[in-house]
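J.: The structure under discussion is supplied below as structure tokens; questions concerning it will follow.
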Amino acid sequence: YKAGLDLETMLRSVSSGAAACWTLDNMAPRILQRNFDPGFFVEHFIKDMTIALEESRRLCVALPGLALVNQLYLALKAQGHGRLGTQALMLALEQLSNTEVKA
């Protein structure tokens with residue numbers, strides 16, 4: 001968004017290639033519309049990630065990507081967004097980048 005790209009055009013382009021996936025097709029339009037209604041709550045996702053991280057620790061399996069995402073979702077919950085949908089992660093990323101993403 002800061003680069004001046006038309007987000008809807010960029011989304012169509014990215015989703016028509018190798019990056020095509022359910023999340024991009026279903027959640028990205030909701031993010032652009034600022035629709036953070038839950039399909040799956042942030043706070044429940046944090047619970048699930050915590051279980052996975054605890055198990056990975058027990059097995060001595062490194063999951064640095066999951067650990068990072070967990071921290072971002074914890075920040076989102078700390079901002080008062082625990083009852084929003086997981087696509088609300090954009091709110092935490094926007095705050096970190098001092099921008100707002102919308103159509």
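The values are calculated or read from the model by the stated rules, or taken from the named source; none is laboratory data. Note that the structure is a prediction, hence the values are computed from the model and not measured. Using ideal geometry, Cβ is built from the backbone for each residue, glycine included, and neighbour counts are taken over all protein chains shown.
J.: Kindly provide the set of residues from the range 63-103 that are touching a residue at least 24 places away in the same chain (Cβ under 8 Å), more than 20 Å from residue 48 (Cβ to Cβ) and in a loop (DSSP other than H, G, I, E, B), ordered by number.
T.: 99, 100, 101, 102, 103
J.: I'd like to know if the range 45-53 contains one or more residues that are of a type in the set (Phe, Trp, Tyr) and loosely packed, with under 13 Cβ neighbours inside 10 Å.
T.: no
J.: Yes or no: the range 26-43 includes at least one residue that is at pLDDT below 95, exposed (fewer than 13 other Cβ atoms within 10 Å of the Cβ) and part of a helix (DSSP H, G or I).
T.: yes
J.: Going by the structure shown, is residue 62 out of contact with any Cys (no Cβ under 8 Å at 6 or more places or on another chain) and either exposed (fewer than 13 other Cβ atoms within 10 Å of the Cβ) or closer than 16 Å to residue 90 by Cα (or both)?
T.: Yes, satisfied.
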